[in-house]
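This report refers to the structure that appears directly beneath it.
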Amino acid sequence: MVDVSKHELVPEHTLLEEDELEEVLAEYDIDRTDLPKIKRTDPALPDEAEVGDVVKIVRDSRTTDEAIVYRLVVE
């Protein structure tokens, strides 16, 4: 079976540590539940991702070189 997360078109997905997450939430003055969601079954997620974790996604961007987005893992 093919590992989708290794495909060249899938952006880098990284689990955030709790201290990094607190910095992000404070910077944007939001709660964890205010973040956009991503399903636990998404094949691009790291295997160790669990419901309630936050994932940092780094995408290529034509205008800013790279775009960073955050997603809350949900059931």
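Numbers for the structure displayed
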| read-out | value |
| --- | --- |
| Some residue of region 60-71 being assigned to a strand (DSSP E or B), in contact with a helix residue (DSSP H, G or I) (Cβ under 8 Å, 6 or more places away or on another chain) and not polar (S, T, N, Q) | yes |
| Enumeration of residues in region 19-75 that are touching a Pro at 6+ places or on another chain (Cβ under 8 Å), in contact (Cβ under 8 Å) with a residue 40 or more places away in the chain and of a type outside the set (A, V, I, L, M) | ARG59, ASP60, TYR70 |
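Every residue, every condition in (1) under 12 Å from the mean Cα position of the chain (by Cα); (2) over 12 Å from ARG71 (Cα atoms); (3) not in a helix (DSSP H, G or I), yes or no:
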| position | (1), (2), (3) |
| --- | --- |
| SER5 | no, yes, no |
| LEU9 | no, yes, yes |
| LEU21 | yes, no, no |
| ILE30 | no, yes, yes |
| ILE38 | yes, no, yes |
| THR41 | no, yes, yes |
| ASP47 | no, yes, yes |
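Every number here is computed from the coordinates shown, using simple stated rules; none is lab data. Note that the structure is a prediction, hence the values are computed from the model and not measured. Using ideal geometry, Cβ is built from the backbone for each residue, glycine included, and neighbour counts are taken over all protein chains shown.
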